[in-house]
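Bear in mind these aren't lab numbers, they're just calculated from the coordinates by the rules spelled out. Please read all numbers here as calculations on a predicted model, not as lab measurements. FYI the Cβ positions are ideal-geometry reconstructions off the backbone, even for glycines, and counts take in every protein chain you see.
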Amino acid sequence: MKNIDPSKTEAWKKLQQQFEEHKNLQMKDLFKEDPSRAERFTINWEDFYVDFSKNRITEEVQTSLLELAEECGLKVAMDAYFGGDVINRTEGRPVLHTALRSPEDATIKVDDENVMPEVYAAKKKLSDFSQQIITGAKKGHTGQAFTDVVNIGIGGSDLGPVMVTEALKFYKNHLNVHYISNVDGDHVQETLNNLNPETTLFVIVSKTFTTQETISNANTARDWFKKTAPGDAVSKHFVAVSSNLEKVGEFGIDQENIFPMWDWVGGRFSLWSAVGLSISLAVGFDQFDQLLQGAHKMDEHFKKEELRSNIPVQLALLSVWYNNFFKAESEAVIPYTQYLQKLPSYLQQAIMESNGKSVNRNGKPVSYETGNIIWGEPGTNSQHAFFQLIHQGTKLIPADFIGFKESLYGNKDHHDKLMANYFAQTEALLMGKTAAEVRQELDSKGMDREEVEKLEPFKVFEGNKPTTSILIDKLTPESLGKLISMYEHKIFVQGVIWNIFSYDQWGVELGKQLASKILSEIDKSDVSNHDSSTKNLLKSYIK
């Protein structure tokens with residue numbers, strides 16, 4: 001991958017000039033001037049209809065953004081990404097979560113070894129184990145079939161699986177799947193309170209099997225379990241997804257119940273691996289495999305499609321346009337389905353942990369903005385909350401609207417109302433409401449002139465708020481796989497253009513190191529050298 005400062009490219013200079021010329025451009029004027037605008041700024045691919053025409057771009061800007069991608073070596077970087085090159089250079093690792101959903105006959109090498117045989121061996125183990133638990137062939141220590149599964153992990157070992165399990169709830173089987181992530185003991189106990197130890201399976205997900213939060217929670221779960229079960233029963237009720245066989249064995253888990261994790265898969269991109277065991281248990285391996293197949297289809301689209309008609313590329317370039325030229329600091333993700341309520345939280349980690357970097361690939365401070373603050377909530381709930389800020393606030397907040405043409409339970413009346421709001425909000429954010437329209441509306445209600453003049457400024461909407469509409473046929477495991485993969489590749493493109501390493505997370509480590517030191521001080525009731533604020537807080541807590 002090339003080290004190119006994007007702000008020094010010819011395309012960046014053109015974009016800066018175009019921004020100055022077009023920053024006050026009104027999108028509704030662009031639609032008036034060009035009746036075919038919607039068609040030209042839409043990508044129709046398989047069951048995805050992605051309309052980005054309601055964005056503050058022109059053909060000229062789009063061309064310059066594509067030139068920026070070319071100058072920053074995007075195509076070369078994509079070859080390195082899919083080819084298994086060591087693009088996570090600070091950790092000396094390839095980035096190959098895409099291999100986890102590639103076909104069995106593919107050849108993808110790490111250190112000159114084709115990893116596909118071990119990927120498919122792990123998938124078979126995942127499939128067999130899931131089937132045995134779901135059918136009741138594998139039972140707990142008292143001979144009862146499992147009814148509940150508890151996934152214990154944090155970060156990528158939690159956010160991806162819990163998001164997908166929630167998203168695919170329509171497809172779930174009889175097993176009840178729970179997630180424990182926070183080291184908050186109250187959270188752990190509330191989950192355990194409603195479980196029967198004789199019919200509960202625990203899945204501990206930790207690459208090193210040393211992560212403080214995960215191991216603390218796993219130990220608490222094991223202590224709770226052993227209150228009513230003999231010690232050797234742990235091996236029937238606890239399984240692990242880890243690369244630290246020794247630590248897992250010490251915990252009491254059988255070698256045959258350990259599922260692999262690989263260094264070439266980053267935690268926040270690991271749901272496609274055995275980290276997705278809880279997903280496979282919740283919906284069955286066949287549905288999990290469809291999720292993988294959907295992700296692979298998006299991989300192929302991203303890898304092979306021309307940049308102009310490439311969904312992840314266009315979404316990433318829009319983010320760069322707003323982040324680096326309009327100085328928009330955040331993006332909203334608004335799914336119009338309750339099933340995707342955890343998608344914004346998942347994307348917070350995937351995007352902000354990846355691209356929240358302030359030094360470039362040469363180790364020098366960047367002179368331009370990187371990263372985006374990601375937030376959101378399902379519609380229509382969000383319309384009754386933070387949409388006020390998007391409509392009439394002072395901040396520019398580009399938003400992705402994700403909707404589905406078909407509901408899962410077939411309640412057309414409800415779905416039509418939901419989707420009417422989906423379409424109405426993007427139009428309202430585009431068009432706004434002028435002072436003249438407000439006056440006409442208030443006049444029609446018979447208000448006197450003085451009252452109209454008082455109310456008018458409060459009811460004006462400037463509009464011109466950018467949105468991208470992602471309309472999908474139906475929420476299925478395959479379409480969900482495509483959606484997640486789409487955002488993964490968007491992250492990659494942004495990182496290439498910003499000339500940063502998207503696949504390390506050193507900022508996560510600092511807090512862990514300090515927490516270990518402070519925990520030791522709490523245990524000893526001995527506060528050492530800290531800033532005065534932290535010292536006083538610790539003294540107050542220890543008392």
Furthest towards positive pole of dipole, Gln212, Pro344, Asn381, structure part the chain, Cβ charges: Gln212
Likely footprinting exposure, Asp443, Asp186, fewest C-beta neighbours within 10 Å first: Asp186, Asp443
Nearest-20 debye value, the range 97-289 charge dipole, Cβ charges on Lys, Arg, Asp, Glu: 400 debye
log10 of Debye I(q)/I(0), alpha-carbon scatterers only, for the range 97-289 at 0.13, 0.14 Å⁻¹: -0.64, -0.74
Glu39-Gln16 FRET efficiency (beta carbon distance; Förster radius 30 Å; 0.05 resolution): 0.55
Which of His178, His414 has the fewest Cβ neighbours within 10 Å, and the rest in rising order: His414, His178
Shape category assigned to the range 369-475 from the gyration tensor of Cα positions, a/c cut at 1.5: oblate
Cβ-placed point charges (K, R +1; D, E -1), dipole of the chain about Cα centre in debye, nearest 20: 660 debye
Rounded to whole Å, sorted largest first: equivalent-ellipsoid semi-axes of the range 260-304, Cα gyration tensor: 19, 16, 6
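Which order results if Glu441, Glu450 are arranged by neighbouring Cβ count within 10 Å, fewest first?
Final ranking by Cβ density, sparse to dense: Glu450, Glu441.
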Placed amide H near Val359: partners under 5 Å, 5+ positions off or other chain: Val366
Modelled label reach - Asp254, point 7 Å along Cα→Cβ, the range 127-159 residues with backbone N closer than 18 Å: 127-147
The chain: DSSP helices with Cα axial extent of at least 27 Å and average Kyte-Doolittle hydropathy no lower than 0.0: 477-498
13 Å Cα-Cα reach of Lys433 towards aspartates and glutamates, excluding residues that sit fewer than 8 places from it in its own chain: Glu441, Glu456, Glu462
Selection from Gln293, Leu537, Gly231, by position along the positive dipole direction of the chain (Cβ): Leu537
Cα lying deepest toward the dipole's positive end in the chain, options Thr370, Gly511, Val95, charges on Cβ: Gly511
For the range 46-52, Karplus couplings with θ = phi - 60° (6.51, -1.76, 1.60), whole Hz, Gly/Pro x: 6, 9, 10, 10, 10, 10, 10
Length added when fully stretched, Gln388-Lys23, from 0.36 nm per residue minus Cα-Cα: 129.1 nm
Segment Glu453-Asp526, extension gain: residue separation times 0.36 nm, minus the distance between their alpha carbons: 19.7 nm
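Report the semi-axes of the equivalent ellipsoid for the chain in whole Å, largest first, where each axis is √(5λ) for an eigenvalue λ of the Cα gyration tensor. Let's see the in-between values first.
Numbers: eigenvalues 361, 155, 136 Å².
After diagonalising the Cα gyration tensor, the semi-axes are 43, 28, 26 Å.
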